[in-house]
Amino acid sequence: MNDRKIRVLMSKPGIDGHWRGGIVVSRAIRDAGMELVFGGFQNVQQIVESAIQEDVDVIGLSIHSGAHFAYTQQVIDLLKERGVIDNIMILVGGVIPAKDFTQLKEMGVANVYGPGSRTSDIVEFIRQNVKK
């Protein structure tokens, strides 16, 4: 039996200045007993390097700049280059139009969370879907 805690990297690609959603979700993840690595503002290369170095199970991207497709695709491409795409679940949250959720999932994102998402739903999704 593996007693290793689920490890989650929460990061904000780019510099859009909106912290609140990422902080709220980060606290919920931590309070749920998961190990949280808070990356803060990072470029996509730093996000992938942090994820690999910290051996995370999940990358949470908090994006409010409107560049959710570009940043997400860059993270996915770098994870593929490093050969770890199959080991890390990607979640995206922020002010993202609902019409973009399907395309993000088709790109490889496990789930997308917009304003009003319940933190308990995010925690439960991680617990149910993280690769052990």
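Some observations on this one:
- Listed residues Leu36, Ser120, Ile59: farthest to the positive end of the dipole of the chain (Cβ charges): Ser120
- Subtracting the Cα-Cα distance of Ala67 and Asn129 from 0.36 nm times their residue separation leaves 19.8 nm of extension gain.
- Size-normalised alpha-carbon gyration radius of the range 7-129, reference 2.2 N^0.38 Å: 0.93
- Violating pairs (Cα-Cα greater than 22 angstrom) within the set Lys99/Lys131; Lys5/Lys105; Lys5/Lys99; Lys80/Lys105: Lys99/Lys131; Lys5/Lys105; Lys5/Lys99
- Packing-based order for 61-67, 40-46, 88-94, using average beta carbon neighbours within 10 Å, highest first: 88-94, 61-67, 40-46
- DSSP bridge pairs, the chain: antiparallel proportion in percent, nearest 5: 0 percent
- Summing charges over neighbours of Thr119, with a neighbour being any other residue whose Cβ is under 14 Å away from its Cβ, gives +2 when K and R count +1 and D and E count -1.
- Two-decimal log10 I(q)/I(0) for the range 9-80, as the Debye equation yields it once each C-alpha is a single scatterer, q = 0.23, 0.25, 0.26 Å⁻¹: -1.03, -1.18, -1.25
- Highest mean first, the peptides 110-119, 68-77 sorted by other C-beta atoms within 10 Å per residue fall in the order 68-77, 110-119.
- The modelled label-to-label distance between Ile15 and Asp3, using points 7 Å beyond Cα along the C-beta direction, is 4.4 nm.
Each reported figure results from applying straightforward, stated rules to the coordinates on display, with no laboratory input. Source: prediction; values computed, not measured. Heads up, the Cβs are rebuilt from the backbone with ideal geometry, glycines too, and the neighbour counts pull from every protein chain shown.
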